[in-house]
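Encoded as structure tokens, the structure appears first; notes follow it.
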Amino acid sequence: MNGHPLAYLDSAATTQKPIQVLDAVDDFYRTKNSNVHRGAYALSAEATDAYEGARAKVASFINAGGPDEVVFSRGATTSLNHIAYGWGLNRLSEGDRVVLTIMEHHANVVPWQLVARHTGIELVYLTLDDHYEVDLSGLADLLDERVKVIAFSGMSNVTGTLGPARTLVEAARSVGALVVVDGAQLVPHAPMDVQDLDADFLVFSGHKMLGPTGIGAMWGKPERLEEMEPAEGGGEMIADVGLYESRWAPVPHKFEAGTPPIAQAVGLGAAVDYLQKVGMEAVRDHEHEITGYALKRLADVPDLTVYGPTDPTHRGGAVSFSLADIHAHDIATVLDEHGIAVRAGHHCAKPLLRHLHVPATARASFYLYNTLDEVDRLIDGLLDARRVFGLDA
Amino acid sequence: MSALDELYRQVILDHYRSPRHRGALKGPHIHAEGLNPSCGDEFSIDLLIDDGVIVDVATQGQGCSISQASGSMMTEAIIGRTLEEARALADTFKRMMGIEEGENPLDPEKPGAVLGDLEALQGVKKFPVRIKCADLPWTTLSDALDRSES
């Protein structure tokens, strides 16, 4: 890239794909391509098996109680919209409260705002403390019967902050509220056991965990999925359709209107196989090592501020920073000239950036394929940015 | 000079760090705001127009060095100009940047003769994703000029 080998440090945005995933998608289109759940011929049965087989793999990856607890969607954003519309719109009313954190991605903010517009619910935010951890000091005062949902990010895509899942699940249970975990940045990077997590919903995206774009998942507790209405209607999601009323197909199909992203689901299944072969503990440990090394080296760059927790074993591998008076986009342009891909901007988390009083940050984010050498190149690139902007290296 | 050094020329960094005509105008003026939603860069402009001439200008904004420097240089270029001249200037700038079709208006023999300091922004052309940064103040200016005539 620009005369250098690519150092891809933007996996929080989307990940690169292993050849096993590309092959799985390619093989599906070459040998099994047909629609699922309808054809009365062998090829369609094979496609259905591949699609449902991927569901079983994803269910096992997060230790779900069974494949029927996993709904395929376009990704975490769509999953959160399903929950907000399918559950929230039908079960929340004026005066009810949804508790979010200030570090949420827009995907876990805007759908609830849309629900608020229709129902008059109130959104309440937990903020971050000076150590970039979710501030729980006001939580006890906040908890009463008005709180119906606590929805939070498992790991911030900006600061790497871990959502305090245990505390928030307990808090929600104490008032009978629902727990929604945005796992878009968490599920790809650490072992996940939904039975241990004990939330009501967990959502994530395939493309952030080595899989294709256009596929993701919503895990839900069976009773939640049963009581939840579909947010989209169409083919595939029905048991019977009359002129004025219809009956839904059983869970999880009632949430999968239309022809699903079949090849993409198969690709996600291959991604899950790949991650399990590497081992999610190993993935996590590698990221701890590389994030720790990055934080240590970034601390030596003059005038550089990291926005996030300092302990690499209690945070994710998304590292946001600013450098002197150099705007994040200018940092990204200089790094790009060195073949280093980082994100610059508000990272779809404007409430958090306002809270941090920064209009934009640069962000390096790591995954299992990144190396310590790439961190060294990042540091060299940042020192060159200082030189270009007339600051002492 | 490397492409990076050509992009971030001294004059650009100077305008970025010490933007000219910064602030807001008091009293009657024309106001316009511009935003690049994809990157979050913001730019707003106040124009005081008297008898078809831009007699004062003030801008505010936040964003990358390219967008803010482009805006700062623009203020120096348009002050004292007629509305027609300002429009022609915007057109010349956009042709220099390849944003609008047409011949490059610059004279290679005489650097700075056509657009002054603004010619330093040519380095942005090697970074296509950043051209919209340089263009933001000019789009905002065009919006303000349109308002002045309606």
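With the highest mean first, a sort of the peptides A:272-285, B:4-17 on other beta-carbon atoms found within 10 angstrom per residue produces B:4-17, A:272-285. Projected label points at A:Trp248 and A:Thr305, each 7 Å from Cα along the beta carbon direction, are separated by 4.6 nanometres. Over all other residues within a Cβ to Cβ distance under 11 Å of B:Leu4, the charged ones net out to -3, with Lys and Arg as +1 and Asp and Glu as -1.
In chain A, helices alone account for a calculated mean residue ellipticity at 222 nm of -10500 deg cm²/dmol, with every DSSP H run of four or more residues adding -39,500 (n - 2.57). In chain A, the longest principal axis of the Cα atoms and the axis of helix A:280-298 are about 30 degrees apart.
Where does helix A:372-388 land angle-wise versus the long Cα axis of chain A, in degrees 0 to 90, nearest 10? Computed tilt is about 60 degrees.
Between A:Thr313 and A:His106, the contour length at 0.36 nm per residue exceeds the Cα-Cα span by 71.9 nm.
Peptide packing: for A:84-97, A:317-330, the average count of neighbouring Cβ atoms within 10 Å per residue gives the ranking A:317-330, A:84-97, highest mean first.
Gain on full extension, evaluated as 0.36 nm per residue between A:Val175 and A:Leu372 minus their Cα-Cα distance, stands at 66.4 nm. Amide H contacts under 5 Å for A:Ile340: A:Ala7, restricted to partners 5 or more places along the chain or on a different chain, H placed in the peptide plane at 1.01 Å from N. Over the protein assembly as shown, what portion of Cα pair distances is larger than 44 Å, expressed as a whole percent? Cα-Cα pairs in the protein assembly as shown separated by more than 44 Å: 28 percent. Of the DSSP beta bridges with both residues in chain A, give the percent that are antiparallel, rounding to the nearest 5. Counting only bridges with both partners in chain A, antiparallel ones make up about 60 percent. Computed on segment B:15-150, with alpha-carbon pairs under 8 angstrom and 6+ residues apart, the relative contact order is 27 percent. Between 0 and 90 degrees, the angle of helix B:131-148 with respect to the longest Cα principal axis of chain B falls at about 20 degrees.
Only lysine pairs 8 or more places apart, or on different chains, with alpha-carbon atoms under 23 angstrom apart are counted in chain A, and they number 13. Could you tally the net charge around B:Ile79, taking each other residue with its Cβ under 10 Å from the Cβ of B:Ile79, Lys/Arg +1 and Asp/Glu -1? Spelling it out: positives minus negatives among the neighbours equals 0. Take each residue of peptide A:329-335, count the partner chain Cβ atoms within 10 Å of its Cβ, and average: the result is 6. Rounded to 0.05, the FRET efficiency of the B:Asp51 and B:Glu101 pair, given R0 = 30 Å and the Cβ-Cβ distance, is 0.35.
Peptides B:51-61, A:379-389, ordered by how many other C-beta atoms sit within 10 Å of their residues on average, highest first, read A:379-389, B:51-61.
With a simple spin-label model that places each label point 7 Å from the Cα along the Cα-to-Cβ direction, the separation between A:Met1 and A:Gln276 comes to 3.2 nm. Projecting label points 7 angstrom from Cα along Cα→Cβ for A:Leu123 and A:Arg91 puts them 2.0 nm apart.
With contributions of -39500 (n - 2.57) from each DSSP H run of at least four residues, the per-residue ellipticity at 222 nm computed over chain B stands at -12000 deg cm²/dmol.
In this structure, A:Ala45 and B:Arg22 have a Cβ-Cβ separation that, at R0 = 45 Å, corresponds to a calculated FRET efficiency of about 0.05. As a ratio to 2.2 N^0.38 Å, the alpha-carbon radius of gyration computed for segment A:174-292 takes the value 1.26.
A short reminder: the numbers here are calculations on the coordinates, not readings from a lab. These numbers come from a predicted model, not from an experiment. Methodologically, a virtual Cβ is constructed for each residue, glycine included, from the backbone with ideal geometry; neighbour enumeration extends over all protein chains shown.
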